[in-house]
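Notes follow the structure.
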Amino acid sequence: MCGIVGVIGSREAAPLLLEGLRQLEYRGYDSSGLATINTQEDSSCGHLTCKRVKGKLGNLNALVEKEGSPGHLGIGHTRWATHGKPEECNAHPHRDVSGEVAVVQNGIIENHRSLRQALEKEGVEFSSETDTEVVPHLIARELKLLSKDGRQASGAMLLEAMHRVSPNLRGSYAIALIWAQTPDALVVAKRQAPLVIGLGEGEFLCASDTPALAGFTRTILPMEDGEIALLTPLGIELYDEKYKRQKRSPALLSGVEHVVDKRNFRHFMLKEIHEQSETAELWIARHLPTGLPLELPVALPFQDSFYEGIDQIQILACGTSRHAGLVGAYLLEQFAGIPTTVFYASEFRYAPPPLAPNTLTIGVTQSGETADTLAALAMEDARRQTCNDLKFISRQLGITNRPESSLSRQVSNILDIGAGLEIGVVATKTFLGQLLAFYGLTLAFAARHKRRSYEEINTLSDELKALPNQLREIIKQHDAISESLAHKFSETQDVIFLGRGINYPIALEGALKLKEISYIHAEGYPAGEMKHGPIALLDTKVPVISIAMPGVVFDKVLSNAQEAKARDAELIGIAPIGSETEIFDTLFPMPKVSEWISPLLSVIPMQLLSYHIAAHRGLDVDQPRNLAKSVTVE
Ligand code: F6R
């Protein structure tokens, strides 16, 4: 949610900030801005220039190109509105009354109302509706107090002002700030929102996420919660919450894809859908390599002790990741025999179930930054830590596409789904990666807990190995079908998705994808539930998309589809070709795979159909309205 970037060095800051922001645009894109400080020849003080615009980053590029924003020091921001509409006045950077202090922030200052009231009582006039604006005013007040104490303007003084203000800020935030009187100082602060420092050649940078740094350096220093830092042309000073100097060696950005490239595809989303056969191939190479023993045909990501003594599993996640968790829960319970419950992380935080013994808690988050998921995991860990009974010991696992994220710093066992950078705001290949992670865990638990025979475990493993080719074929075929079908949805306002058993979460995912990018109202239901209410919605204008994959509920789903057809609904089937599936007006033909692995394939037409419907409507598929790739606010 929002992206921040900062740079100090020997080059002009504005082009570097704009390039950094381009890489962060997936975090929010309703307005943007930057501020730079230019040194004045006749004084040690600089001049602060601030440019802000409503709308996409292209508008900021145009403004900076036209009017310029000189200086070797600067901060930038791309916004996903939380407090105040996406207008220029609410775009960051925000400044103090003198216009000398500029701040960008990612996160939420939860106590901003009381801070604002106190500042207003002191006579401060606010110029935005944002929570962030309290920060430059508070910093300016501290700077005034420090200079009254006889301090000379310096980077150390700006850092101290941030240190004094931090304890008054509640919530989660990453902040970068500059001051016209110190053209050689960039100060940053982090609490529960991501912030990474980059050590470039002749310059230091900071950003909310590594892609914004990757074009400049591969040497990074992720900040810890409560830390603040001073970046100058000479180096970095890092301090903890107690203002104690920290010494930490930088890390190297891992070799995964950090470059934003659409190749020949019209949108990132389409490219990422097509990349899923590769995602599966890479996963199989890592987790199901040839030559594994029959009794354990999966490479275990963790030591044996990780799987021991687990009697139940709870999964915490949001949105698409929760849908992956629902498929995972089906597999873990029905295949591996472990009772598994899935929670919305945002609900779990405030209404956790009573503590259950011998529980593994799994957090699923592609970004590794989702505030609700991180907070739910932390809360669960804390309540288990305070229990003296060993049965309630905390064991956690994080499933993510970003092993360098906040999740990885919070949870000790991490499963990296390795799907590569996903730029489209809606999740596609990371969903498939999350599903595969659950298949791996299911095989591991089934084998370790001896809940399935070797034959059953090896059959599932062999079926997974056939996946890349099957994916390649249906992506090609369904891409064409979806494209030709999209025009039929130009007037559609509601769509119903039906699935049962292991494919019920895929119906939910299909509905979510369609809502997110085409803005068509869609709902996913367990197929058997339709007659208990939603059937009242059906008529010729409400298409029904039904997932009917061979297995225990195949005939049941077809009967439920018949019920929809009898109400004149246009029927679209995700099913194998056969006489039973002739009831569908349109068929996305599926291979006759086992029910266990069917979600890995049935999700493809969901993604492609949503994509083509949205693209046909001329919508911004990669940056749908109101959404952001990582939701770092509660
Ligand atoms: C849907 C989507 C969102 C995310 C949700 C959780 O396409 O992307 O629903 O799944 O915001 O995000 P992560 O997985 O980063 O925790």
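Nothing in this text is a laboratory measurement; each read-out follows from the coordinates by a stated rule. All values derive from a computational prediction rather than experimental measurement. Heads up, the Cβs are rebuilt from the backbone with ideal geometry, glycines too, and the neighbour counts pull from every protein chain shown.
Find the centroid of the Cα atoms in the range 36-56 and in the range 378-432, then give the distance between the two in whole Å.
40
Restricting to DSSP loop positions (anything but H, G, I, E, B) with no more than 15 other Cβ atoms inside 10 Å of their own Cβ, which chymotrypsin sites (Phe, Trp or Tyr not before Pro) remain in the range 176-225?
Numbers: sites: W179, F204, F216; in loops: F216.
Counting only loop positions with at most 15 other Cβ atoms within 10 Å, none of the chymotrypsin sites (Phe, Trp or Tyr not before Pro) in the range 176-225 qualifies.
If Rh is defined by the Kirkwood formula over all Cα pairs and Rg also comes from Cα, what ratio Rg/Rh do you get for the range 459-511?
Numbers: Rg = 14.8 Å, Rh = 13.6 Å.
Radius of gyration relative to Kirkwood radius: 1.09.
Provide the three semi-axes, in whole Å and in decreasing order, of the ellipsoid equivalent to the chain as defined by the square roots of 5 times the Cα gyration tensor eigenvalues. Write out the running numbers ahead of the final one.
Details: eigenvalues 433, 156, 95 Å².
Working from the Cα gyration tensor, I get semi-axes of 47, 28, 22 Å.
Enumerate the whole-percent occupancy of each 5 Å bin, from 0 to the last occupied one, for all C-alpha pair distances of the range 179-259.
3, 15, 25, 26, 18, 10, 2, 1, 0
Cβ under 15 Å from E529's Cβ, E529 left aside: what net charge do those residues give with Lys, Arg +1 and Asp, Glu -1?
Surrounding charge for E529 is +1.
With the cut-off at 1.5 for a/c, could you classify the range 1-154 from its C-alpha gyration tensor as rounded, prolate or oblate?
Working: a/c = 2.07, a/b = 1.11, b/c = 1.87.
Note, shape of the range 1-154 comes out oblate.
Where the centre of each part is set by its Cα atoms, how far does the range 482-520 sit from the range 88-121, in angstrom?
Taking the Cα centre of each part, the range 482-520 and the range 88-121 sit 41 Å apart.
Give the whole-number value, in cubic angstrom per residue, of the convex hull volume spanned by the C-alpha atoms of the range 98-199.
99
For F343, what charge total do you get from the other residues with a beta carbon under 13 Å from its beta carbon, if Lys and Arg give +1 and Asp and Glu give -1? Before the final figure, lay out each step's value.
Working: positive: R322, R349; negative: E347, D372, E380.
Counting the neighbours of F343, the net charge comes to -1.
About its Cα centre, how strong a charge dipole does the chain have in debye, to the nearest 20, once Lys and Arg get +1 and Asp and Glu get -1 at the Cβ? Before the final figure, lay out each step's value.
Working: 62 positive and 77 negative charges, 129 e Å.
That gives the chain a dipole magnitude of about 620 debye.
Considering only the chain, what is the antiparallel percent among its DSSP beta bridges, to the nearest 5? Before the final figure, lay out each step's value.
Details: 62 of 100 bridges.
DSSP beta bridges in the chain are roughly 60 percent antiparallel.
Hey, could you grab the Kirkwood Rh for the range 143-191? Inverse mean 1/r over distinct alpha carbon pairs, Å, one decimal. Walk me through the numbers before you get to the answer.
Numbers: mean 1/r = 0.0877 Å⁻¹.
The Cα-based Kirkwood calculation yields 11.4 Å.
Straight-line reach only, C-alpha to C-alpha below 16 angstrom: list the aspartates and glutamates that K541 could link to, leaving out same-chain residues fewer than 8 apart.
K541 reaches E491, D494, E523, E563, D568, E570, D585.
Please get the size of the charge dipole for the range 447-542, origin at its Cα centre, with Cβ charges of +1 on Lys and Arg and -1 on Asp and Glu, quoted in debye to the nearest 20. Walk me through the intermediate numbers first.
Values: 13 positive and 14 negative charges, 83 e Å.
Result for the range 447-542 is approximately 400 debye, rounded to the nearest 20.
Roughly what % of Cα-Cα distances in the range 269-465 sit above 29 Å, to the whole percent? Walk me through the numbers on the way to the answer.
Numbers: 3717 of 19306 pairs.
Of all Cα-Cα pairs in the range 269-465, 19 percent lie more than 29 Å apart.
When Lys and Arg each count +1 and Asp and Glu each count -1, what net charge do the other residues less than 13 Å away from H72, Cβ to Cβ, add up to? Provide the component values of the computation, followed by the final result.
Details: positive: R11; negative: E12, D184, E203.
Surrounding charge for H72 is -2.
Below 19 Å, Cα to Cα, which aspartates and glutamates can K66 reach? Residues fewer than 8 away in the same chain don't count.
Within the straight-line cut-off, K66 pairs with E12, E19, E88.
Find how many whole Å separate the alpha carbon centroid of the range 159-225 from the alpha carbon centroid of the range 299-366.
34
Dividing the alpha-carbon radius of gyration of the range 509-594 by 2.2 N^0.38 Å (N being the number of residues), what value is obtained? It would help to have the intermediate numbers written out before the result.
On the way: Rg = 12.6 Å, N = 86, 2.2 N^0.38 = 12.0 Å.
Here the answer is 1.06, to two decimals.
Normalised by the residues of the chain, what does the relative contact order come to in percent, with Cα pairs under 8 Å and at least six apart?
12
Which of the residue pairs K429/K450; K144/K190; K85/K144 have a Cα-Cα distance greater than 28 Å in the structure shown?
On the way: K429/K450 31 Å; K144/K190 23 Å; K85/K144 31 Å.
With Cα atoms farther than 28 Å apart: K429/K450; K85/K144.
With a cap of 11 neighbouring Cβ atoms within 10 Å, and only residues DSSP puts in a loop, list the GluC sites (Glu not before Pro) found in the range 22-67. Can you show the working numbers first?
Values: sites: E25, E41, E65, E67; in loops: E41.
Of the GluC sites (Glu not before Pro), the ones in loops of the range 22-67 whose Cβ has at most 11 other Cβ atoms within 10 Å are E41.
Can you list which of the DSSP-assigned H helices in the chain have a Cα extent of 27 Å or more along the long axis and an average Kyte-Doolittle score of at least 0.0?
Span-like helices here: 429-448.
Taking all pairs of distinct Cα atoms, average 1/r, flip it, and tell me the Kirkwood hydrodynamic radius of the range 476-634 in Å to one decimal place. Please list the in-between numbers first.
On the way: mean 1/r = 0.0638 Å⁻¹.
Its Kirkwood hydrodynamic radius stands at 15.7 Å.
Return the calculated 222 nm mean residue ellipticity for the chain, to the nearest 500 deg cm²/dmol, obtained by summing -39500 (n - 2.57) across DSSP H runs with n ≥ 4 and dividing by the residue count.
Values: 19 runs with 222 residues, N = 634.
Helix-only estimate at 222 nm: -11000 deg cm²/dmol.
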